[in-house]
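Report on the following structure.
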Amino acid sequence: MKALDGIRVIDVTQNLAGPFCTQTLGDLGADVIKIEPPGGDPSRAWGPPFLDEQSTIFLSANRNKRSLTLDLRQPEARLIVRRLAAGADVFVQSLRPGADARMGMGPEGLRELNPRLVCCSITAYGSRGPLADLPGYDPLMQAHGGLMSVTGRPGDPVRVGVSLVDVGTGIWAALAILAALRERDRTGRGSHVTASLFETALVWSAYHLMGYRATGTSPAAMGTAFPLIAPYGAFPTADGTLMIAAANDWLFLRLCGVLGLEEPTRDERFRDNPSRVANREALETAIGRATRSRPTRELEEALRRSGVPCAPILDMAGVAAEPQTEACGVLDRTPHPRVADYASVGLPLEWDGERPRTQRMPPLPGEHAHHILAELGYDHRAIERLRRTGVLGNNRAGGDVEAAED
């Protein structure tokens, strides 16, 4: 899949949300130039675990990119970024609001240089409102956007165990960029799109927020259960736990048939889904008594034969060993020159049965500096001068460059 072949993306983001966005564009064929601070993207040090002395979180979000380290505190480094933007199609940044303009990288200034440029700002709280100037991190947005309040058990808020706000924001940003490129095809002009962590958190909890506005009641955390459907959650087995999702009347009857439960099928309390939700505790008690006597694997197979959706609760070791993980083809085993048995998790998408594969491994800090600068017209002597003066960072730690998102 080379849908974005010929599209150049300048990536002035770090950590996870922005890099996941630009990796998606790179997976689709774009030439992504990753601008890193001296010493590299801070997420390179987020670990253990590490592979090739780089964190797995960095490796998971930075394939199909070239790397150029620049000390953006230096005017000449910022000039290089502007020269790159002048010849690019997309410019993605995750600087704090106002920092982009102070550094000469605001959308208005860049689009004066290049009217066809699509600019994307990845922010914590969006472009307006009392918190618009604040930075943010994924767990803060899970807290502030209500996700923690509906995760875990009542009275015990829990962070979702993956950075779903960061990854979600990266996905929305990539979608907005693709739409802006399509609009540019029609008008010949670029545009400025904005994605925010906080707004992504609100989108993930959209039906909860709409439910509160309809009823005035905030939903509570329910463990593995789903507040709108019953039975729908984890049930005990003789040797573990099984997730069961009987999401309609037909599936409920099939579940009861597998479990040998006749009484619930005749009980008015369980006649339809709203009734089952209203009487969830009694229903789950009856089902739990039946599931507790069956081994997990045997019950799973019986339910699947009857068409009742269910799934075991696996840890990462179980996921890695699950045959479906290997069979679906999402693991990209393109050989890595420095890491043995390397496998990245590719895009969860296929086009005509084919999935985009890794063309470039996640880069070392500044790995492609010479080639990128040569493309801008810098000769060997000029590039060496940039190294000597620290414009390229010399791989020393550079600290925070006013990043907006984690």
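The values are calculated or read from the model by the stated rules, or taken from the named source; none is laboratory data. Keep in mind the model is a prediction, meaning the values are calculated, not measured. Cβ atoms come from the backbone with ideal geometry, glycine included; neighbour counts cover every protein chain shown.
Of all residues being at pLDDT below 95 and acidic (Asp, Glu) in the stretch 52-96, which is surrounded by the most Cβ atoms within 10 Å (Cβ to Cβ)? Just the residue, please. Per the criteria, the residue is ASP52.
Of the helices (runs of 4 or more DSSP H) entirely within the stretch 153-225, those holding at least 2 residues that are in contact with a Phe, Trp or Tyr (Cβ under 7 Å, 6 or more places away or on another chain), surrounded by 20 or more Cβ atoms within 10 Å (Cβ to Cβ) and on the phi < 0 side of the Ramachandran plot occupy 164-187, 197-204. Among what's in the stretch 262-278 and is at pLDDT 95 or above and surrounded by 19 or more Cβ atoms within 10 Å (Cβ to Cβ), pick the residue that is farthest from TYR232 (Cα to Cα). Among those that are at pLDDT 95 or above and surrounded by 19 or more Cβ atoms within 10 Å (Cβ to Cβ), it is PHE270.
Scanning the stretch 337-358 for residues that are of a type outside the set (D, E, K, R) and either exposed (fewer than 13 other Cβ atoms within 10 Å of the Cβ) or in contact with a Pro (Cβ under 9 Å, 6 or more places away or on another chain) (or both) returns PRO337, ALA340, TYR342, SER344, VAL345, GLY346, LEU347, PRO348, LEU349, TRP351, GLY353.
The stretch 232-292 holds helices (runs of 4 or more DSSP H) entirely within its bounds, and those carrying 2 or more residues that are touching a Phe, Trp or Tyr at 6+ places or on another chain (Cβ under 6 Å) map to 280-291.
Residue-by-condition table, conditions (1) touching a residue at least 60 places away in the same chain (Cβ under 8 Å); (2) polar (S, T, N, Q):
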{"site": "LEU113", "(1), (2)": "no, no"}
{"site": "CYS120", "(1), (2)": "yes, no"}
{"site": "ALA124", "(1), (2)": "yes, no"}
{"site": "PRO130", "(1), (2)": "no, no"}
{"site": "ASP138", "(1), (2)": "yes, no"}
{"site": "GLN142", "(1), (2)": "no, yes"}
{"site": "THR151", "(1), (2)": "yes, yes"}
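Of everything in the stretch 103-139, what is surrounded by 20 or more Cβ atoms within 10 Å (Cβ to Cβ), under 18 Å from the mean Cα position of the chain (by Cα) and modelled with pLDDT of 95 or more? Give them in sequence order. Hits for the stretch 103-139 are CYS120, SER121, ILE122, THR123, ALA124, TYR125, ASP138.
Counted as qualifying within the stretch 39-149 are the strands (runs of 3 or more DSSP E) with 1 or more residues that are under 18 Å from ILE372 (Cα atoms), namely 65-69, 90-93.
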